[in-house]
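Single-structure report; data block below.
The values are calculated or read from the model by the stated rules, or taken from the named source; none is laboratory data. These numbers were taken from a predicted model, which means no experiment stands behind them. Methodologically, a virtual Cβ is constructed for each residue, glycine included, from the backbone with ideal geometry; neighbour enumeration extends over all protein chains shown. Note: areas computed on protein heavy atoms with side chains; ligands, DNA, RNA excluded. Shrake-Rupley method; radii C 1.70, N 1.55, O 1.52, S 1.80 Å.
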Amino acid sequence: MSKDGAFDLASGLGGKIEKKQVLSAVDKYEKYHVSFGGEEEERKANYTDMVNKYYDLVTSFYEFGWGESFHFAHRWKGESLRESIKRHEHFLALQLGLKRGQKVLDVGCGIGGPLREIARFSSTCVTGLNNNEYQISRGTEVNRITGVDKTCNFVKLGCYQEIYRVLKPGQYFAAYEWCMTASFDPNNQDHQKIKVIWDKDLAADSPVPWYLPLDKSHFSLTGFRLTAIGRFITKNMVKALEFVGLAPEGSQRVQNFLEKAAEGLVEGGKREIFTPMYFFLARKPLAANQE
Ligand SMILES: C[S@@+](CC[C@H](N)C(=O)[O-])C[C@H]1O[C@@H](n2cnc3c(N)ncnc32)[C@H](O)[C@@H]1O
């Protein structure tokens, strides 16, 4: 149900940013980075703005190239990228032990691809938390189109600190992250409140490397848009759409930084110095002194 045509890509590009402001938003986003002269302090002080600009600028590219769910997945040989993504979402529902009618939070939910799949798979009611307004409006639209709008919704919230508070004692939190942050302190009691039950880098034993869809030396018909030829076509299409004014000025630059990011991901994946698939399952203790 993604908006995955060329005109959808052009019309969604920039998200909630006024079309005339896209170019200056690209400028501002790039300048947060060291390679564009950005300062670390400035970036840290403006993380919300930086993250929001990023998702306003890239969401329609993600939908065009990747689909409704914006994550990587452990993948078996013979499995398509889409199948592996859905299987991973089912895996999350199973790990959490989700039961019919339960209320679930998806923290940092994108446009709700995982949320819809998990709600349908486990017959649960899922609320997606996100601080990006454009993604919430897209997610709400797709919820309505797919008919899950009675059981799934979105709330705009910058939310990671809320996880422990809203979790009922004895209930679970599963996460799937691009990396562990250096600020995690195993000796910090607050960090230890939610007990980690198991954790694993799911990239480590994935028969198909997670970065393969982005690797330009790999060809796939089902993931054609992500291949070298597919990306070449998209690049020129975006150039033409921008030239005739259908896509906002600055669109090609968004494609350029996504291209750079894809190259970095493939490099990091090949050298095994980075994973976008670090999974952990944690449980809030029943009471403060209980395991
Ligand atoms: C890589 S996307 C993943 C989206 C979704 N989980 C999926 O797999 O399709 C990360 C999401 O987290 C959201 N996000 C980032 N920081 C956030 C914060 N502090 N509070 C709420 N949402 C946040 C972004 O807007 C984006 O939707």
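Over the chain, with a Gaussian network built from C-alpha contacts below 10 Å, which listed residue (Asp49, Asp106, Asp149) shows the highest mean-square fluctuation?
Judging by the Gaussian network model, the answer is Asp49.
How about the stretch 56-85: which GluC sites (Glu not before Pro) there are in a DSSP loop, with at most 16 other Cβ atoms within 10 Å of their Cβ?
Of the GluC sites (Glu not before Pro), the ones in loops of the stretch 56-85 whose Cβ has at most 16 other Cβ atoms within 10 Å are Glu79.
Can you grab the distance from the C-alpha centre of the stretch 190-269 to the C-alpha centre of the stretch 116-158, Å, no decimals?
If you average the Cα positions of each part, the centres end up 23 Å apart.
Quick one: compute the contact order of the stretch 98-166, relative version, from alpha carbon pairs under 8 angstrom and 6+ residues apart, as a percent.
34 percent
Just add up the charged neighbours of Glu68: K/R +1, D/E -1, any other residue whose Cβ is under 12 Å from the Cβ of Glu68.
Here the count lands on 0.
Along the charge dipole of the stretch 98-166, which of Gly112, Ser123, Thr146 sits closest to the positive end, that is, farthest toward it, with unit charges on the beta carbon of Lys, Arg, Asp and Glu (+1, +1, -1, -1)?
Ser123
In debye, nearest 20: dipole of the chain around its Cα centre with unit charges on the Cβ of K, R (+) and D, E (-)?
In debye, rounded to 20, the chain gives about 840.
Let me know the charge dipole size of the stretch 246-289 about its Cα centre in debye, to the nearest 20, where only the beta-carbon of Lys, Arg (+1) and Asp, Glu (-1) is charged.
320 debye
For a quick protection proxy, order the peptides 51-61, 163-173, 232-242 by their average other-Cβ count within 10 Å, most packed first.
51-61, 232-242, 163-173
Of Leu226, Gly268, Gly38, whose Cα points farthest to the positive end of the dipole of the chain (charges on the beta-carbon: +1 Lys, Arg; -1 Asp, Glu; origin at the Cα centre)?
The listed residue farthest towards the positive side: Leu226.
I need to check one value: relative contact order of the chain, counting alpha carbon pairs closer than 8 Å and at least 6 residues apart, in percent.
That works out to 23 percent.
If you build a Gaussian network model of the chain, linking Cα atoms that sit under 10 Å apart, which residue out of Ser122, Ser251, Ser69 swings the most?
Result for the chain, Cα springs under 10 Å: Ser122 fluctuates most.
Pull up all non-local amide H partners of Ile197: gap of 5 or more, or a different chain, and H-to-H distance under 5 Å with H placed in the peptide plane.
Distant-sequence amide H within range of Ile197: Leu281, Ala282, Arg283.
Dipole of the chain (Lys/Arg Cβ +1, Asp/Glu Cβ -1, origin at the Cα centre): which of Gly101, Gln135, Tyr62 lies farthest to the positive side?
Working it through, the farthest residue towards the positive pole turns out to be Gly101.
In debye, nearest 20: dipole of the stretch 1-51 around its Cα centre with unit charges on the Cβ of K, R (+) and D, E (-)?
Dipole magnitude for the stretch 1-51 comes out near 220 debye.
With Cβ to Cβ distances under 14 Å as the rule, what net charge do the other residues near Pro207 carry (K, R +1; D, E -1)?
0
What is the local net charge at Ser123, summed over the other residues whose Cβ is closer than 15 Å to its Cβ (Lys, Arg +1; Asp, Glu -1)?
Taking every Cβ under 15 Å from that of Ser123, the sum is +4.
Just Phe154, Phe70, Phe224 to compare: in a GNM of the chain, with alpha carbon springs under 10 Å, which one fluctuates most?
For the chain, modelled as a Gaussian network with Cα springs under 10 Å, the answer is Phe224.
Skip the ligands, DNA and RNA, and give the accessible area per residue of the chain with a 1.4 Å probe, whole Å².
Computed with neighbouring chains in place, this is 55 Å² per residue.
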